[in-house]
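Structure record follows, encoded as structure tokens.
The values are calculated or read from the model by the stated rules, or taken from the named source; none is laboratory data. Worth saying up front: this structure is predicted, and the values here are computed from it rather than measured. Using ideal geometry, Cβ is built from the backbone for each residue, glycine included, and neighbour counts are taken over all protein chains shown.
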Amino acid sequence: MSYWTGQRARGLPRLRTMRSRCGRGFVGISGYDYKGWRGRFYPAELPARRWLEYASRQFNSIELNGTFYSLKSPAVFERWAAEVPDDFIFAIKGGRFITHNLKLRNVEASLGNFFASGVLLVGEKTGPFLWQLPGTYRFDGDRLDGFMRQLPRDSRQGEAVARRHDHRLRRGACIDRVADVEYRHAFEVRHPTYFCQEFFDLLRVHQCAFVVADTAGKFPYAEEVTADFVYVRLHGSRELYASGYTNEELDVWAGKIDRWQREGRDVYVYFDNDAKVHAPFDAMRLGERLR
């Protein structure tokens, strides 16, 4: 019996793209390469090199967070795209060198490095780009406006940005797109100064999404909708990264997602409560409610 058949037999079918009257729904996990998930989510006998293949048969989207910590290579992106189904979508987290080190200033070459590192090879499986800003970084409207103006809005513009890469791409560069796709961008912010009308209006001007982030009360919370899609990150409702979601909490989230979809918005939801292996099972439970 295959791993996929065995998983379905345990009552955990793959979550395919969910469609309401207008908006599409994507529910998945933030990252997939967690050693502690072996034997609990991943079958104990399944080699780690097949974890993405396995996870992509359970969800219709995954948020790539390894791209936040370091520049990858075109070969890595090419492998990621090849291992998932044709209708699968990746959300891609922007590099922390851009958001945390440079704090969105003087980013021309660094943005070039990010998009030339292999992003263009994801093609039609490209979902939103996530830009997470540090909790110590205060709102600066001019700086954010300048950064948003540099973000590519499709793969053709992505090629132009990629051509600005520099010598730091030591494992190769890809500056040619494999498909014509739209690019979307979402911003997750944590400093209280961002929770203001000026920031929300700036996001609307640039058609970027405000990330609705549940952080167990550690950071401020809002549900502002600023684009034609909604991006949700669920880090845990009671303990950051560690607590699971109750049936009642998932019912509430399912209601919100359904409402956004009925408004015609695509909705992307990623569970990041991975510390105690709640994320994949909570994602499945939410997906079942939305189906």
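Listed values, structure above:
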| read-out | value |
| --- | --- |
| Whichever residue in segment 39-65 is touching a residue at least 60 places away in the same chain (Cβ under 8 Å) and charged (D, E, K, R) and, among such residues, is surrounded by the fewest Cβ atoms within 10 Å (Cβ to Cβ) | R40 |
| Condition met for P280 (outside any strand (DSSP E or B) and surrounded by 20 or more Cβ atoms within 10 Å (Cβ to Cβ)) | yes |
| Tally of residues being in a helix (DSSP H, G or I) and either among the small types (G, A, S) or buried (at least 20 other Cβ atoms within 10 Å of the Cβ) (or both) across segment 66-97 | 8 |
| Segment 217-259: number of residues that are of a type in the set (F, W, Y) and in contact with a helix residue (DSSP H, G or I) (Cβ under 8 Å, 6 or more places away or on another chain) | 2 |
| R170, sole failed condition from (1) of a type outside the set (V, I, T); (2) surrounded by fewer than 14 Cβ atoms within 10 Å (Cβ to Cβ); (3) farther than 19 Å from R79 by Cβ | (3) |
| All positions within segment 254-274 that are assigned to a loop (DSSP other than H, G, I, E, B) and within 17 Å of A213 (Cα to Cα) | D272, N273, D274 |
| Candidates R49, R40, filtered to the one that is in a loop (DSSP other than H, G, I, E, B), among the basic types (K, R), over 22 Å from V232 (Cβ atoms) and at pLDDT 95 or above | R40 |
| Output for segment 204-224, where each listed residue is under 17 Å from the mean Cα position of the chain (by Cα), farther than 20 Å from R149 by Cα and hydrophobic (A, V, I, L, M, F, W, C) | V212, A213 |
| Index of the failed condition, E188 passing every other in (1) among the acidic types (D, E); (2) farther than 22 Å from L102 by Cβ; (3) surrounded by 17 or more Cβ atoms within 10 Å (Cβ to Cβ) | (2) |
| Any pair with Cβ under 7 angstrom, 6 or more apart, that starts in segment 125-152 at a residue that is over 14 Å from E188 (Cβ atoms) and among the charged types (D, E, K, R) and ends at one that is at pLDDT below 95 and surrounded by fewer than 20 Cβ atoms within 10 Å (Cβ to Cβ) | none |
| Test result for G127, buried (at least 16 other Cβ atoms within 10 Å of the Cβ), of a type outside the set (A, V, I, L, M), over 18 Å from L104 (Cα atoms) and in contact with a Phe, Trp or Tyr (Cβ under 9 Å, 6 or more places away or on another chain) | yes |
